[in-house]
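Remarks on the structure that follows.
Bear in mind that the values in this text are calculations on the coordinates, not laboratory data. Worth saying up front: this structure is predicted, and the values here are computed from it rather than measured. We place every Cβ from the backbone using ideal geometry, glycine too, and count neighbours over all the protein chains shown.
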Amino acid sequence: MGKRHLEDAIKQINHPIEVTYRCFELDPTAERDIKDNMYEKLSKKYGMTIEQAKANTQNMVQMARNAGLEFNIDTVVLTNTFDAHRLTMFAKTKGLMKEMTDRLLRAYFTDSIHIGDHAALADLAEEVGLNREEAEKMLAGDEFADEVRADEQLAQQYRITGVPFFLINKKYALNGAQPTEMFVKALQKIIAEDEITVLNDNDGMICDDDGCEIPKKK
């Protein structure tokens, strides 16, 4: 949701903005194959009933719907996402990181695909235009593991403990799935601060490639 809100905000800003995706695992200790569903997982983690867990996710589902997204929490397949992150790093080398990230998020939240399964990941890689055999070979080894860990270590340095988290110009931070309006205001403020403000209204001598111009007295 936060990603969609940011994208909507960028469309409203008449200024070039480059977005870089970083790797972050909510649970690095998670197994690849998990029997529990989302509600059972939340119930055990927070000591609530299944009914309470379902109720607590409904607000998130509605927020996603408002952003034009479909979250099918009932059928989400929980898994370890490390290999999915490695795949995004592989996609980055091919100029397809955004496309791979988008597809993985939709696969997980909407399509209920097991994004810890290598065959499923290879399918998704092929969908976005990556070479399937190259993706399979990468997944079978440990390529891009260091790159994923480096991103996670960077998050620790910035004391990031949750997602979504947006770091702008390595200086400003927005935490959580903020509404589009918040992103628009934040980006406009940061852009304004970075722009040069002319204070003297050309009342001094100016030199360029054509020489120097002495201002006329008023």
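Descriptive notes on the structure:
- Hits among lysines - C-alpha to C-alpha of Lys171 under 29 Å, sequence gap 8 or more where chains match: Lys3, Lys11, Lys92, Lys94, Lys98, Lys185, Lys189
- Shown in residue order for region 128-133 are the 3J(HN,Hα) couplings computed by the Karplus curve 6.51 cos²θ - 1.76 cosθ + 1.60 at θ = phi - 60°: 8, x, 7, 6, 4, 5 Hz (x for Gly and Pro).
- If you take all other residues with their beta carbon under 12 Å from the beta carbon of Gln58, and give Lys and Arg +1 and Asp and Glu -1, the sum is 0.
- Using 0.36 nm per residue and subtracting the Cα-Cα separation, the extra length available between Asp74 and His118 on full extension is 13.6 nm.
- Relative packing of 76-84, 112-120, 31-39, which averages over residues the other C-beta atoms within 10 Å, highest first: 76-84, 112-120, 31-39
- When each of the peptides 161-168, 178-185, 87-94 is scored by the mean number of other C-beta atoms lying within 10 Å of its residues, the order from highest to lowest reads 87-94, 178-185, 161-168.
- Theoretical gain in end-to-end length, Thr20 to Lys171 [0.36 nm per residue, Cα-Cα removed]: 52.9 nm
- Here the spin labels are modelled as points 7 Å beyond Cα on the Cα-Cβ line, and at Met182 and Ala30 they lie 2.3 nm apart.
- Average Cα contact separation per residue, the chain, under 8 Å, 6 or more apart, as relative contact order %: 24
- With each label modelled as a point 7 angstrom along the Cα→C-beta vector, the Thr110-Thr93 pair spans 2.9 nm.
- Summed side-chain charge close to Phe144 - residues other than Phe144 whose Cβ falls under 10 Å, Lys, Arg +1, Asp, Glu -1: -2
- Which labelled figure in [x] 14.9; [y] 17.5; [z] 13.6 is mean projected area of the Cα convex hull in nm², once derived from the coordinates: [y]
- Most mobile listed residue (Glu143, Glu126, Glu18) in the chain, GNM with C-alpha springs under 10 Å: Glu18
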